[in-house]
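The values are calculated or read from the model by the stated rules, or taken from the named source; none is laboratory data. As the structure is a prediction and not an experimental result, all values here were calculated from the model. We place every Cβ from the backbone using ideal geometry, glycine too, and count neighbours over all the protein chains shown.
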Amino acid sequence: MSGVLVVMEQRSGAWNRMSFEALAAGQQLAAKLGAECSAAVVGSDPGALATELSSKKLKKAFAVQHALLGIYTSDGYVAALEQLIKEENPDFVLLPHTYQVRDYAPALATRFQQVLISDVIGIRTEDDRADSPIFVRQLLQGKLNADYRHIPPGPCFVSIQAGTFRADAVEDGTAATETFSPRLSPDQIRNKPGEPFRESSHTVDLTAAPVIVSVGRGIGEEGNLPIVEELAKALGAELAASRPICDNGWLPMERQVGSSGQTVSPKLYVAIGISGAIQHLVGMKGSKAVLAINKDENAPIFEIADYGVAGDLFEIVPELTKAIQTAKS
Ligand SMILES: Cc1cc2nc3c(=O)[nH]c(=O)nc-3n(C[C@H](O)[C@H](O)[C@H](O)COP(=O)(O)OP(=O)(O)OC[C@H]3O[C@@H](n4cnc5c(N)ncnc54)[C@H](O)[C@@H]3O)c2cc1C
């Protein structure tokens, strides 16, 4: 097979939602290349999931199956996928940029003397070199976009950032399913899996909130949080945060917005002291209106903001709160 192979992700028989975003990326890349796209799902019994894929526009849907692949280990996945890729010989291997992929995909790429082009936020082709796509990654917390081009020979390994492609853009069609049984033995699996990583729990449902006031590292310290809490109260808004605030334990994890937190789409999202890293943006870019307050006028958040205030939040937020309180009284 030349063309594109997308490695989907599942846990306990349930898809990781980002797999279908990577699948949409794979189909679109294959169309640009004039090639075909296939997909693979790994596990001890992934047949039912591969059958689900047979209703997508794919050349083949592979069930990569072995008893030793029931519990995820990087050793098991690398060994199994290495064998599949050697047999199928794709030009491009696309994966969702999940925690699991981050764990095993660099080692998998290394087996082919390749690197993983990770965290890709866009794929484009140029007319004169349609067979050599350009993969876009962000550098320096989103301040720069960098273009990467793979130099053959060897498969090109790419992981796709959450929110870059739409899962609902996956094209339906038909695919032949095929079971691929890698040769694996217990002595190849050196990893001893611990507790799997858990995404933040969703006991606070931010998805239904019409107004969200979200706070980032610009707030400086936990003791300053009342400044934004007051604004949220005045607006009747839910309080949310970027990841560092939740990682520090200043707000509970369930208030985190982003790729490893909640995805929200309020009427108004007020981003205070948030730089606008891609992992945050993917969680809130569906907001109807975004107001950003940041002292760095070049902060990436301003690129998606409908209203921007370049200034010190410690001056602006209390004034804004006062103005809202006055207007309401
Ligand atoms: C696998 C992975 C998953 C991730 N998941 C998420 C996720 O789900 N959600 C998430 O948010 N992040 C996530 N991140 C982290 C993400 O990459 C960023 O590090 C994070 O979003 C940055 O948070 P921030 O904008 O609050 O902080 P910073 O990037 O440090 O930005 C702080 C901003 O505050 C501004 N500022 C400072 N002082 C003031 C002031 N006095 N007044 C006004 N502005 C001020 C600065 O100019 C700056 O722009 C993830 C990262 C990884 C690797």
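Only a single criterion out of (1) surrounded by fewer than 16 Cβ atoms within 10 Å (Cβ to Cβ); (2) within 23 Å of the chain's Cα centre (by Cα) is not satisfied by T51, namely (2). Identify, please: which residue in the stretch 31-43 is surrounded by 22 or more Cβ atoms within 10 Å (Cβ to Cβ) and in contact (Cβ under 8 Å) with a residue 60 or more places away in the chain and is, among those, farthest from the chain's Cα centre (by Cα)? Out of the qualifying residues, it is S38. Take I85 and tell me if it is among the aliphatic types (A, V, I, L, M), farther than 30 Å from I274 by Cβ and assigned to a loop (DSSP other than H, G, I, E, B). Taking the combined requirement at face value, the residue does not satisfy it. Just one of the listed residues (T164, T207) is within 15 Å of the ligand (Cβ to nearest atom), crowded, with 20+ Cβ neighbours inside 10 Å and at pLDDT below 95, and it is T164.
Only residues that are more than 16 Å from the ligand (Cβ to nearest atom) and closer than 14 Å to S19 by Cα: list them for the stretch 107-122, please. Answer for the stretch 107-122, where residues must be more than 16 Å from the ligand (Cβ to nearest atom) and closer than 14 Å to S19 by Cα: there is none.
Take V213 and decide whether it is in a strand (DSSP E or B) and either more than 8 Å from the ligand (Cβ to nearest atom) or polar (S, T, N, Q) (or both). When the stated conditions are applied, V213 passes them.
Yes or no, residue by residue, for (1) within 16 Å of the ligand (Cβ to nearest atom); (2) without any contact (Cβ under 8 Å) to a residue 40 or more places away in the chain; (3) within 25 Å of G122 (Cβ to Cβ):
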residue: L29; (1), (2), (3): no, no, yes
residue: D45; (1), (2), (3): no, yes, no
residue: E52; (1), (2), (3): no, yes, no
residue: I85; (1), (2), (3): no, no, yes
residue: H97; (1), (2), (3): yes, no, yes
residue: Y104; (1), (2), (3): yes, yes, yes
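For the subset of the stretch 308-329 comprising residues that are in contact (Cβ under 8 Å) with a residue 40 or more places away in the chain and surrounded by 13 or more Cβ atoms within 10 Å (Cβ to Cβ), which member is nearest to the ligand (Cβ to nearest atom)? Among those that are in contact (Cβ under 8 Å) with a residue 40 or more places away in the chain and surrounded by 13 or more Cβ atoms within 10 Å (Cβ to Cβ), it is L313. The one condition from (1) in contact (Cβ under 8 Å) with a residue 40 or more places away in the chain; (2) surrounded by fewer than 21 Cβ atoms within 10 Å (Cβ to Cβ) that V270 does not meet is (2). Per the conditions (1) buried (at least 23 other Cβ atoms within 10 Å of the Cβ); (2) touching a Leu at 6+ places or on another chain (Cβ under 8 Å), the sole criterion not satisfied by K56 is (1). When T125 is tested against the conditions (1) under 24 Å from A25 (Cβ atoms); (2) within 16 Å of the ligand (Cβ to nearest atom), the lone failure is (2). Residues that are over 17 Å from L23 (Cβ atoms) and surrounded by 16 or more Cβ atoms within 10 Å (Cβ to Cβ) within the stretch 97-106 comprise D103, Y104, P106, listed in sequence order. Restricting the stretch 219-248 to residues that are assigned to a loop (DSSP other than H, G, I, E, B) and within 8 Å of the ligand (Cβ to nearest atom), which is nearest to P266 (Cα to Cα)? Once the filter is applied, the top-ranked residue is S242. Restricting attention to the stretch 24-40, does a residue exist that is assigned by TED's automatic domain parsing to the domain that holds E87, at pLDDT 95 or above, in a helix (DSSP H, G or I) and within 28 Å of L68 (Cβ to Cβ)? There is at least one residue in the stretch 24-40 that is assigned by TED's automatic domain parsing to the domain that holds E87, at pLDDT 95 or above, in a helix (DSSP H, G or I) and within 28 Å of L68 (Cβ to Cβ).
Being polar (S, T, N, Q) and more than 6 Å from the ligand (Cβ to nearest atom) is the filter here, so list the residues in the stretch 261-307 that pass it. Hits for the stretch 261-307 are Q262, T263, S265, S287, N298.
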